[in-house]
1. Condition first: farther than 28 Å from PHE156 by Cβ and either touching an Asp or Glu at 6+ places or on another chain (Cβ under 6 Å) or not assigned by TED's automatic domain parsing to the domain that holds ILE151 (or both). Can you find one or more residues in the stretch 88-108 that meet it?
2. Which one of these does LEU150 not meet: (1) buried (at least 16 other Cβ atoms within 10 Å of the Cβ); (2) of a type outside the set (S, T, N, Q); (3) at pLDDT 90 or above?
3. Is it the case that GLY26 is in contact with a Phe, Trp or Tyr (Cβ under 7 Å, 6 or more places away or on another chain) and closer than 24 Å to SER154 by Cα?
4. Among the residues of the stretch 51-110, write down those that are touching a Leu at 6+ places or on another chain (Cβ under 9 Å), of a type outside the set (A, V, I, L, M, F, W, C) and modelled with pLDDT under 90.
5. Quick check on PRO107: is it crowded, with 17+ Cβ neighbours inside 10 Å and not β-branched (Val, Ile, Thr)?
6. Which ones in the stretch 123-153 are more than 22 Å from GLY17 (Cβ to Cβ) and either of a type in the set (Asp, Glu) or part of a helix (DSSP H, G or I) (or both)?
7. Can LEU20 be described as out of contact with any strand residue (DSSP E or B) (no Cβ under 9 Å at 6 or more places or on another chain) and buried (at least 16 other Cβ atoms within 10 Å of the Cβ)?
8. Which residues, taken from the stretch 23-51, are surrounded by 17 or more Cβ atoms within 10 Å (Cβ to Cβ) and closer than 19 Å to LEU68 by Cβ?
Amino acid sequence: MTEFVTMFVALLIFFLGLRLSGFFSGSETGFYRVSTLQVTLQKQRGETIGTRLFYFVSHPERFVATTLVGNNVANYLTTLAIGLLVHAIWVDSTGLQEIIATLMMTPVVFIFGELIPKSLYYRAPMMLLRNGSLGFMVCYYLFFPISYPLILVSRFVSRFSTSDKRPLEVVFGRTRLYGVLEAGQKEGILTGLQRDLAENLMQVAEDPVSLAMIPPSIVVGAPSTASLDQMRAVARRTESAFVMLSEGGPYNWTSYARMSDVLANGVASQIARRTMLEFDATTPRIEVLTQMMKQQAVFGRVVSNGQLVGIIRRQTLISQLFRVIRPASS
């Protein structure tokens with residue numbers, strides 16, 4: 001009778017350990033798969049479950065330490081259960097039977113305690129993490145006396161990291177950030193246009209302005225001393241509201257004039273013209289656009305080693321921010 005009780009207790013312990021193994025292994029996978037943006041939105045809406053998940057997203061070292069301790073507890077329980085079961089069946093057993101039983105149960109533990117839970121959490125991380133959030137929080141406080149030293153060690157080691165010393169938070173790579181933007185559009189906090197703008201900022205913001213400039217040799221304009229009739233002719237030819245003006249050479253564009261200002265004053269370019277801002281060819285596009293917006297400049301000069309190499313138009317930089325090239329999915 002005692003043997004049957006021992007076997008029953010051993011089976012209960014085994015299934016408990018198997019359940020805990022699946023819970024912590026799956027939660028670890030789900031944590032790295034869950035959308036941080038969704039968790040943040042749930043927390044901002046005041047959801048209790050979302051607040052629990054957000055706590056661990058904001059403190060990933062606490063989550064990892066809890067799963068580490070939990071997995072060790074689960075492994076200990078399954079090992080203990082196998083040992084009890086072997087001794088209940090073979091009273092005078094040696095270590096050989098226990099080793100054989102452990103090897104026989106390893107595939108069962110791997111499939112039901114690791115493989116299947118990880119696959120499920122990989123496919124539905126948010127739903128399963130929400131369902132298990134209360135149990136995980138209970139385990140967090142239950143294991144805290146053991147996991148806290150691990151948290152301290154993690155923080156201590158992070159001080160010697162060769163990275164940029166940023167806080168231990170979720171840092172997005174470019175591909176994951178695209179996923180965040182997509183989730184933002186689905187949640188209604190980003191329009192399609194805003195998403196395109198954000199994605200293009202990542203694509204072209206740091207590119208040098210030289211990639212968006214126009215060679216000075218193909219710019220059509222007039223000398224800075226041009227008469228009103230000459231400027232009208234250039235404006236008709238280019239069908240533009242602005243006329244580029246050169247000084248000291250045929251392609252040395254230094255300023256521009258708005259034809260409406262010229263016609264309003266009834267004079268040539270001397271009064272209405274505006275000197276162009278000057279940028280080095282290696283200056284990032286977003287920096288150039290920012291300066292042009294601040295100065296309300298329509299055109300700018302791009303120089304390299306003091307020589308004019310191109311003309312940049314503000315509208316060209318703006319339009320490039322709405323032409324999206326999304327990264328290829330891996």
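1. Within the stretch 88-108, one or more residues are farther than 28 Å from PHE156 by Cβ and either touching an Asp or Glu at 6+ places or on another chain (Cβ under 6 Å) or not assigned by TED's automatic domain parsing to the domain that holds ILE151 (or both).
2. All conditions pass for LEU150, except number (3).
3. Considered against the rule, which asks whether it is in contact with a Phe, Trp or Tyr (Cβ under 7 Å, 6 or more places away or on another chain) and closer than 24 Å to SER154 by Cα, GLY26 comes out as yes.
4. HIS59, PRO60, GLU61
5. So PRO107 does not fit the description; no.
6. ARG123, PRO125, MET126, MET127, ARG130, TYR148, PRO149, ILE151, LEU152, VAL153
7. Details: out of contact with any strand residue (DSSP E or B) (no Cβ under 9 Å at 6 or more places or on another chain): yes; buried (at least 16 other Cβ atoms within 10 Å of the Cβ): yes.
Criteria met by LEU20.
8. PHE23, PHE24, SER25, GLY26, SER27, GLU28, THR29, GLY30, PHE31, VAL34 - these are the residues of the stretch 23-51 that are surrounded by 17 or more Cβ atoms within 10 Å (Cβ to Cβ) and closer than 19 Å to LEU68 by Cβ.
The values are calculated or read from the model by the stated rules, or taken from the named source; none is laboratory data. Keep in mind that this is a model prediction, so the values were computed, not measured. No Cβ is skipped: glycine too gets one built from the backbone with ideal geometry, and neighbour counts run over all protein chains shown.
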